[in-house]
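Structure first, commentary second.
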Amino acid sequence: MRLSHTLFPENAIFVSWSTLRKMAGVLYLLRSSSQLWGMVMMDQSLFNKQISMTAIHPDSASQSSTAQATHQKAKALKPGSRRPAKELCSECGFCDTYYIHYVKEACAFLNQQFDVLEEQSHGRQRNLESPDELYFGVHQDMMAARKTEPIAGAQWTGIVSSIAIEMLKQKKVEGVVCVQNTESDRFQPMPVIARTPEEVLAARVNKPTLSPNLSVLEQVEQSGMKRLLVIGVGCQIQALRAVQDKLGLEKLYVLGTPCVDNVTRAGLQKFLETTSRSPETVVHYEFMQDFRVHFKHEDGSEEMVPFFGLKTNQLKDVFAPSCMSCFDYVNNLADLVVGYMGAPFGWQWIVVRNETGAEMLEMVKDQLETQPVMSKGDRKAAVQQSIPAYDKGVTLPMWAAKLMGVVIEKVGPKGLEYARFSIDSHFTRNFLFMRRNYPQKLAAHVPEFAKRIVAQYKLPDDGAGQ
């Protein structure tokens with residue numbers, strides 16, 4: 001047995017063999033006791049040492065097989081347990097599985113590793129000197145699209161659902177990781193591995209709450225399936241990419257959606273009650289390119305509330321700390337991204353990052369109407385003005401908010417410039433959140449592309465707005 005020098009002082013080589021055997025026995029007991037392992041997990045220094053002994057090496061087949069046997073022995077955290085990322089945990093579901101063995105390496109809030117995972121996922125890192133890649137990540141194509149025959153009940157036209165359905169029908173994959181809702185609550189996420197088009201359709205419409213998508217990873221490995229599509233948001237996809245070679249898959253497809261400002265279920269209720277005229281009948285909502293929040297109600301009616309009329313002073317604490325510290329708005333590690341913010345109003349925005357993403361999009365090309373992306377306007381003055389306004393919780397009277405919304409819709413940024421506006425606004429806000437609340441994490445956690453974007457703006461001094 002080779003004992004790690006990180007666990008013993010240099011003079012440990014002089015102790016007797018019997019002493020070493022006793023020490024090894026103690027280590028074995030610590031490892032095999034789930035109760036003590038839980039205690040070690042809560043002690044960050046010991047936790048770091050334990051995880052560092054099992055670092056992920058994707059290119060080593062022999063190490064992979066050994067690690068796989070090891071991670072299956074790990075114990076998922078119990079519901080309600082304190083998570084390794086603590087208050088920054090996004091409840092992605094990773095720690096609800098034995099893959100918690102890799103959490104220090106995989107968690108987006110413990111280990112920011114865009115450079116490594118971009119290289120792994122796309123074959124190269126983004127070009128920081130390219131204005132489009134700086135903002136939107138590695139890609140080979142972007143376009144605006146919409147289905148010629150929308151899916152009934154879809155949030156927009158149903159492009160995401162259509163891709164998943166076609167991949168099942170054409171046997172590209174055996175299952176699709178997606179999120180349905182519970183029977184009792186349409187906003188309560190319930191991750192599933194869909195195996196039929198009907199199960200995919202049951203997952204249509206976004207769930208704007210923190211969702212444990214990765215809680216099904218054990219089922220994936222245990223099922224023996226070899227070809228899988230995963231639909232998810234940035235923090236989930238980063239953890240997935242870090243362990244994808246441990247799942248026993250021959251092919252993984254990743255379909256991402258842009259994501260920002262998720263909430264807990266209680267936070268969602270507060271947002272709905274503060275913002276909508278009929279919170280109990282809201283089916284779904286989205287912050288749209290026309291600078292309004294669009295609510296869809298059960299009776300089919302649509303309600304629109306201007307961004308500038310939101311009760312910011314009451315809602316500043318509603319967003320999850322994980323979302324306030326996230327810099328993966330555009331889902332940089334997915335093969336294909338489908339959202340809306342870089343497209344004209346009424347269209348969806350598609351980003352093809354690699355050949356796998358191109359393969360996925362090709363499956364529904366004959367169902368889509370497409371057009372090139374466009375960019376219009378200048379976002380920078382609006383972003384700069386929004387920084388102190390958010391800090392102070394400025395809320396306009398509704399008449400003034402509606403008037404400003406009309407003006408901004410006419411002269412404000414559109415297409416890719418609107419996407420940059422949204423990214424800039426959130427990155428500056430999140431950078432300040434990290435600087436004020438987690439200054440010790442700031443340098444390592446904020447990726448270089450986000451630092452360059454934030455550097456375009458003048459930020460308030462530390463402590464402002466608190």
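Worth pointing out:
- ³J(HN,Hα), Karplus 6.51/-1.76/1.60, whole Hz, each residue of region 77-82, x for Gly, Pro: 6, 6, x, x, 5, 5
- Neighbour-count ranking [beta-carbon atoms within 10 angstrom, fewest first] of Val394, Val205, Val351: Val394, Val205, Val351
- Near the amide H of Gln180, within less than 5 Å, lie the amide hydrogens of Met190, Val192, all on another chain or at least 5 residues away, with H placed in the peptide plane.
- Global geometry of region 163-295, whether rounded, prolate or oblate, following the gyration tensor of its Cα atoms and the 1.5 cut on a/c: prolate
- Note on Lys316: lysines with a C-alpha under 27 Å away, same-chain residues under 8 apart excluded, are Lys86, Lys207, Lys270, Lys296, Lys380, Lys392, Lys402, Lys414, Lys441, Lys451, Lys458.
- Amide H contacts of Ser375 (H built 1.01 Å from N, under 5 Å, at least 5 apart or other chain): Leu416
- When you filter the trypsin sites (Lys or Arg not before Pro) in region 102-175 for DSSP loop state and at most 11 other Cβ atoms inside 10 Å of their Cβ, you are left with Arg124, Lys171.
- 3J(HN,Hα) along region 309-325, derived from phi through the Karplus expression 6.51 cos²θ - 1.76 cosθ + 1.60 where θ = phi - 60°, amounts to x, 5, 7, 4, 5, 9, 10, 4, 9, 7, 7, 4, x, 4, 6, 6, 10 Hz, with x in place of Gly and Pro.
- Panel order for Ile350, Ile387, by other beta carbons found within 10 Å of each beta carbon, from fewest to most: Ile387, Ile350.
- Over all other residues within a Cβ to Cβ distance under 10 Å of His297, the charged ones net out to -3, with Lys and Arg as +1 and Asp and Glu as -1.
- Taking amide H as placed 1.01 Å from N in the peptide plane, the amide H of Val394 sits under 5 Å from none that are at least 5 places away or on another chain.
We did not get these values from a lab; they are worked out from the coordinates using the rules stated. Remember, it's a predicted structure, so these values are computed and weren't measured experimentally. Neighbour counts run over all protein chains shown; Cβ positions are idealised from the backbone, glycine included.
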